[in-house]
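The block underneath contains the structure these notes are about, expressed in structure tokens.
The values are calculated or read from the model by the stated rules, or taken from the named source; none is laboratory data. Just so we're clear, the structure is a prediction, and the values are computed from it rather than from any experiment. Ideal geometry is used to build each Cβ from the backbone, glycine not excepted, and the neighbour counts take in all protein chains shown.
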Amino acid sequence: MVLPLAKYFSDDQCKLLTDFKADLDESLYARQVAPVIRFFFYRLLFQAVPTLLVLTLLSFMLVRLAPGSPFASEKELSAQTLENLNRAYGLDQPVPVQYVRYLGGVLQGDLGPSLTKPGYSVRELIASALPVSLELGLLALLYALVVGLSLGVLAAIRPNGWGDHFAMSLALLGICIPGFVLGPLLALAFGLKLEWLPVMGWDSPADRILPVISLGSIYAAYIARLARGGMLEELSKDYIRTARAKGLSETRVILGHALRGGIQPVISLLGPAAAGLLTGAFVVEVIFNIPGMGRVIVPAAQNRDQFLVLGCVLLFGGLMVLFNTLVDVVLAWLNPRIRLHKESA
Amino acid sequence: MKNRNLRSYSLGADAWRRLLRNRAAVSGLVLLILMVLACVAGPWFSAYTFEEMDLFSANEAPSAKHWFGTDELGRDLMTRTLVGGRISFAVALAATLVSLLIGVTYGGVSGYVGGRLDTLMMRIVDVLYALPFTLLVILLITVFERNLMLLFIAIGAVEWLTMARIVRGQVMGLRHQEFIEACQVLGYSQARILFRHLLPNVLGTVIIYVTLTIPSVMLLEAFLSFLGLGVQPPMSSWGSLIEDGRGAMEDFPWLMIFPGLALFVTLLALNFLGDGLRDALDPRRGGES
């Protein structure tokens, strides 16, 4: 912002004032931006990295220490074949060596071979399916945020009014109808009976509508409830009364002031919600025949393809940790008390 | 001491009275009891069993003979839905108990002992919190033979984290109060103080959270069964019935609608009851809304 200083002050005074403003800006940076950046690295180092290590260790041990060979299938294999297979996949080594090797591979982006789809690596199978799932998940998240926040704020404006009852009834319905019930119902109604929307595939934009609604609705409902609670609490605070007393329009009070505090519970939900969306996408992908991660991991789990499932677990773990870290940083930025508390802890 | 007892008693009675005044909560409770009764006792009175096939009456629409219709093998859908409900409720009960056992003990110890142990225990929870648990359950199912018991334990073992955090917070708030000091003066053992005196006082909060855990456990079971990773045929569960019905829903929509409805009604009842309990047991929130 350029201040019209020259109109009111002498040159010297102007310089003094602009210097003061620069100081202020700098301290603003030091107070507001720098701690958030520090907090981000702190989170990364003390939360994200240990979590990922625990995840790899836990899941790898689970797979390797489980009874039975990963090759045990309907056909009986001779001892010699089994031994050769074990050697080919490096499973004849001691488990800690296997773990270190696997971890080394993971760091280089190598998740090992698929056991049930010979010739394909886990990485290839995931790489072809992941973009579709990510797109589905992000669209559903966007839908959930837009619908959920609108309903929640609408409900909080007039508690116990008709808008509140309408929004909260809708949210209750959303919470009680999981995606694998909503999806088939939507497909039946809008796809097969009314024939308005396609129910198969992932090519045209219209293909996205029903899957995104099926996946995102339950989270829209959670968000609406949380947003309503958060907004109600925020709107009862003193500074809101001040804002109203100085004559701000209700729109500005709600969107300009209360929203920042009111959406904090919603943002806290985003971490778990992202995880839920990614796994919830499995059923939606099965229902609408979408070539995403669900079509990789479900057959893999059914056919006990350990490396493939392990790779998916690690991938989703990594995504979740990344997302949780981002959410924490956003929260720390919105609410300075959090970062102070966490840093001193 | 006497005073405190009196007050906590009246608080409990008060909560119960407030719950009974809440029409939505009471209807939720009644609905839930009916649902459980139907699922547990219903199959005994049914003229059919859940695996009895009758290919001459396959895919029949709901009628007086088959209230929910029949599936493509002529099995009675109502019996299958009720038997599936047994699985859902059994999983919900068992997994919630497992999560209760681990979560309350863990949170109680962490909150009561405090200090370094508390920090360590909560760091562990923080780390575990960030793991993709649905996928770890899928991984468990992948590496072990699929069986129901494993499913119960696996789901319960992943649902205890929030419980532990909540109990810890509550215990920390209580442990410096006079009645705990009195126990210490009386020379009770730490375990006795924790399990006999602290944890009963946390019960209200725990109950509220249990009503949140049960639906999420049921959803997880249905989700896994829907993907074919939960109960195995010919056994039925709501998730697997919905998945079976989905394939034929254009011609025989009841195959999907009835199991879906059962799940919906149960979740709705649990939600009503949970909201009611929260308002009844937590006067601060109750006064607000």
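Regarding B:G173, is this residue in a helix (DSSP H, G or I), away from chain A (no Cβ under 11 Å) and modelled with pLDDT under 80? Here the answer is no, as B:G173 does not meet what is asked.
Among residues that are within 30 Å of B:I166 (Cα to Cα), among the acidic types (D, E), out of contact with any Pro (no Cβ under 6 Å at 6 or more places or on another chain) and modelled with pLDDT of 85 or more, B:D118 is included. The residue list A:S69, A:S59 contains one member that is hydroxyl-bearing (S, T, Y), surrounded by 13 or more Cβ atoms within 10 Å (Cβ to Cβ), at pLDDT 80 or above and under 40 Å from the mean Cα position of the chain (by Cα), which is A:S59. B:D76 - would you say it is over 22 Å from B:A262 (Cβ atoms), modelled with pLDDT under 85 and among the acidic types (D, E)? Criteria not met by B:D76.
Might you let me know whether the range A:160-181 holds any residue that is among the aromatic types (F, W, Y) and surrounded by fewer than 18 Cβ atoms within 10 Å (Cβ to Cβ)? The answer is yes, given that some residue of the range A:160-181 is among the aromatic types (F, W, Y) and surrounded by fewer than 18 Cβ atoms within 10 Å (Cβ to Cβ).
Here is a yes/no grid of residues against (1) closer than 30 Å to A:V199 by Cα; (2) in contact with a Phe, Trp or Tyr (Cβ under 9 Å, 6 or more places away or on another chain); (3) surrounded by fewer than 17 Cβ atoms within 10 Å (Cβ to Cβ); (4) without any contact (Cβ under 8 Å) to a residue 60 or more places away in the chain:
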{"residue": "A:A227", "(1), (2), (3), (4)": "no, no, no, no"}
{"residue": "A:E233", "(1), (2), (3), (4)": "no, no, yes, yes"}
{"residue": "A:R241", "(1), (2), (3), (4)": "no, no, yes, yes"}
{"residue": "A:A245", "(1), (2), (3), (4)": "no, no, yes, yes"}
{"residue": "A:R252", "(1), (2), (3), (4)": "no, no, yes, yes"}
{"residue": "A:H257", "(1), (2), (3), (4)": "no, yes, no, yes"}
{"residue": "A:I263", "(1), (2), (3), (4)": "no, no, no, no"}
{"residue": "A:A275", "(1), (2), (3), (4)": "yes, yes, no, yes"}
{"residue": "A:A281", "(1), (2), (3), (4)": "yes, no, no, no"}
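Scanning the range B:120-179 for residues that are more than 20 Å from A:G280 (Cα to Cα), free of Cβ contacts under 8 Å to residues at least 24 places away in the same chain and of a type in the set (G, A, S) yields one hit, B:G173.
In this structure, A:P211 does not qualify as modelled with pLDDT under 85 and under 28 Å from the mean Cα position of the chain (by Cα). Checking the structure you have, find out if any residue of the range A:329-345 is within 12 Å of chain B (Cβ to nearest Cβ), free of Cβ contacts under 8 Å to residues at least 24 places away in the same chain and not in a helix (DSSP H, G or I). The answer is yes; a qualifying residue exists.
Can you tell me which of B:A280, B:A248 is closer than 30 Å to B:P43 by Cα, modelled with pLDDT under 80 and of a type in the set (G, A, S)? Only one candidate qualifies: B:A248. Taking the range B:223-262 as the range and being assigned to a helix (DSSP H, G or I) and among the polar types (S, T, N, Q) as the test, the residues that pass are B:S225, B:S240.
Quick one: count up the residues across the range A:289-307 that are more than 9 Å from every other protein chain (Cβ to nearest Cβ) and part of a helix (DSSP H, G or I). The number of residues fulfilling the criteria is 4. Against the list (1) within 21 Å of the chain's Cα centre (by Cα); (2) of a type outside the set (A, V, I, L, M); (3) buried (at least 23 other Cβ atoms within 10 Å of the Cβ), the condition A:P291 fails is (3). The set of residues in the range A:82-139 that are hydroxyl-bearing (S, T, Y), modelled with pLDDT of 75 or more and farther than 30 Å from A:Y219 by Cβ comprises A:Y99, A:Y102, A:S114, A:Y120, A:S121. Across the range B:130-170, the number of residues qualifying as assigned to a helix (DSSP H, G or I) and surrounded by fewer than 17 Cβ atoms within 10 Å (Cβ to Cβ) comes to 4. Among the residues of the range A:141-187, those that are free of Cβ contacts under 8 Å to residues at least 12 places away in the same chain and closer than 18 Å to B:G239 by Cα comprise A:C176, A:V181, A:L185. Residues in the range B:125-152 that are more than 18 Å from B:V217 (Cβ to Cβ), of a type outside the set (A, V, I, L, M) and more than 9 Å from every other protein chain (Cβ to nearest Cβ): there are none. Being within 13 Å of B:G108 (Cα to Cα) and among the aliphatic types (A, V, I, L, M) is the filter here, so list the residues in the range B:174-207 that pass it. The answer is B:L174, B:A191, B:I193, B:L194, B:L198, B:L199, B:V202, B:L203, B:V206.
Answer with yes or no whether A:L269 is more than 8 Å from every other protein chain (Cβ to nearest Cβ) and outside any helix (DSSP H, G or I). No; evaluated as a whole, the condition is false for this residue. Any residue at all in the range B:246-257 that's closer than 20 Å to B:F89 by Cβ and touching a helix residue (DSSP H, G or I) at 6+ places or on another chain (Cβ under 7 Å)? Within the range B:246-257, not a single residue is closer than 20 Å to B:F89 by Cβ and touching a helix residue (DSSP H, G or I) at 6+ places or on another chain (Cβ under 7 Å). Which residues, taken from the range B:224-250, are within 10 Å of chain A (Cβ to nearest Cβ) and more than 25 Å from A:M293 (Cβ to Cβ)? Answer for the range B:224-250, where residues must be within 10 Å of chain A (Cβ to nearest Cβ) and more than 25 Å from A:M293 (Cβ to Cβ): just B:E250. Considering A:L314, A:L210, the condition of being within 13 Å of chain B (Cβ to nearest Cβ), in contact (Cβ under 8 Å) with a residue 24 or more places away in the chain and buried (at least 20 other Cβ atoms within 10 Å of the Cβ) is satisfied by A:L314 alone.
For the range B:124-146, the count of residues that are within 15 Å of the chain's Cα centre (by Cα) and under 29 Å from B:G230 (Cα atoms) is zero.
Every listed requirement among (1) within 11 Å of chain A (Cβ to nearest Cβ); (2) free of Cβ contacts under 8 Å to residues at least 40 places away in the same chain is met by B:L219 save one, (2). Taking the numbered list (1) modelled with pLDDT of 75 or more; (2) buried (at least 17 other Cβ atoms within 10 Å of the Cβ); (3) within 12 Å of chain B (Cβ to nearest Cβ) in turn, A:F39 passes all entries but (3).
Results for (1) closer than 23 Å to A:V266 by Cα; (2) in contact with a Pro (Cβ under 9 Å, 6 or more places away or on another chain), shown as yes or no for each residue.
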position: A:L149; (1), (2): yes, no
position: A:V153; (1), (2): yes, no
position: A:F166; (1), (2): yes, no
position: A:F180; (1), (2): no, no
position: A:L197; (1), (2): no, no
position: A:G201; (1), (2): no, yes
position: A:A224; (1), (2): yes, no
position: A:A227; (1), (2): yes, yes
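Going by what's in this entry, would A:F46 be described as modelled with pLDDT of 80 or more and aromatic (F, W, Y)? Taking the combined requirement at face value, the residue does not satisfy it.
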